[in-house]
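K.L.:
Mind having a look at this structure? Questions to follow.
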Amino acid sequence: VQLQASGGGLVQVGGSLRLACAGSGSAFSGRRMGWYRQAPGKERDLVAGITSATTTKYADFVKGRFTISRDNAKSTVYLQMNNLKPEDTAVYYCNAFVPLNGLEYWGKGTQVTVSS
């Protein structure tokens, strides 16, 4: 399983970005997908997750601003980020968990920088 994240960049406070993570391999629809982020000197935190049944969950610090979604036909998960804040600056990583075998996969990450 390979994950390729894209869509990061530099944006001003209050702006929006849409991240995409394209997955390879079969049975994408059965994977639990998530977005994590890691700022310099900090731990990697869960931002949002979506199950195969499209149940979603969000970290408190992004609720109401970020939306996770998936398109199984395209083997892609998205993270729509609105009203961005400087504290959202981090490298964002895509994560896939395969319940059938318990394995977890990570993409390389994409940088998001929010300037004030």
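The values are calculated or read from the model by the stated rules, or taken from the named source; none is laboratory data. On a predicted model such as this, the values are computed, not experimentally measured, just so you know. Ideal geometry is used to build each Cβ from the backbone, glycine not excepted, and the neighbour counts take in all protein chains shown. To get the accessible areas, we keep the full protein, side chains included, count just its heavy atoms, and leave off ligands, DNA and RNA. Shrake-Rupley method; radii C 1.70, N 1.55, O 1.52, S 1.80 Å.
K.L.:
Quickly run through the stretch 44-70 and pick out the residues that are acidic (Asp, Glu) and more than 15 Å from Asn95 (Cα to Cα).
P.N.:
Of all residues in the stretch 44-70, those acidic (Asp, Glu) come to 45, 60.
Residue satisfying the conditions is Asp60 alone.
K.L.:
With the requirement that a residue be part of a strand (DSSP E or B) and aliphatic (A, V, I, L, M), what does the stretch 1-24 give you?
P.N.:
Just the residues of the stretch 1-24 that are part of a strand (DSSP E or B), to begin with: 3-6, 9-12, 17-23.
Result: Leu3, Ala5, Leu10, Val11, Leu17, Leu19, Ala20, Ala22.
K.L.:
List the pairs whose first member sits in the stretch 10-21 and is in contact (Cβ under 8 Å) with a residue 24 or more places away in the chain, whose second member is surrounded by fewer than 17 Cβ atoms within 10 Å (Cβ to Cβ) and β-branched (Val, Ile, Thr), and whose Cβ atoms are under 8 Å apart, counting only residues at least 6 apart or on separate chains?
P.N.:
As it stands, the answer is Leu10/Thr113; Val11/Thr113, since those pairs meet every condition given.
K.L.:
Between Ser24, Ser52, which is at pLDDT below 95 and exposed (fewer than 13 other Cβ atoms within 10 Å of the Cβ)? Before the answer, list the steps.
P.N.:
Numbers: Ser52 fails: exposed (fewer than 13 other Cβ atoms within 10 Å of the Cβ).
Unique residue meeting the criteria: Ser24.
K.L.:
What's the number of the only condition in (1) open to solvent by less than 10 Å² (accessible area, probe 1.4 Å); (2) not in a strand (DSSP E or B) that Ala96 fails to meet?
P.N.:
Among (1) open to solvent by less than 10 Å² (accessible area, probe 1.4 Å); (2) not in a strand (DSSP E or B), Ala96 violates only (2).
K.L.:
What is the residue count in the stretch 37-49 for residues that are in contact with a Gly (Cβ under 9 Å, 6 or more places away or on another chain) and open to solvent by 50 Å² or more (accessible area, probe 1.4 Å)?
P.N.:
2
K.L.:
Select, from Thr76, Thr51, the only residue that is over 12 Å from the mean Cα position of the chain (by Cα) and either closer than 23 Å to Ser24 by Cβ or among the β-branched types (Val, Ile, Thr) (or both). Can you show your working first?
P.N.:
Values: Thr76 fails: over 12 Å from the mean Cα position of the chain (by Cα).
So the residue among Thr76, Thr51 that is over 12 Å from the mean Cα position of the chain (by Cα) and either closer than 23 Å to Ser24 by Cβ or among the β-branched types (Val, Ile, Thr) (or both) is Thr51.
K.L.:
Does the stretch 64-85 contain at least one residue that is modelled with pLDDT of 95 or more, open to solvent by less than 60 Å² (accessible area, probe 1.4 Å), basic (Lys, Arg) and closer than 13 Å to Val114 by Cβ?
P.N.:
Within the stretch 64-85, one or more residues are modelled with pLDDT of 95 or more, open to solvent by less than 60 Å² (accessible area, probe 1.4 Å), basic (Lys, Arg) and closer than 13 Å to Val114 by Cβ.
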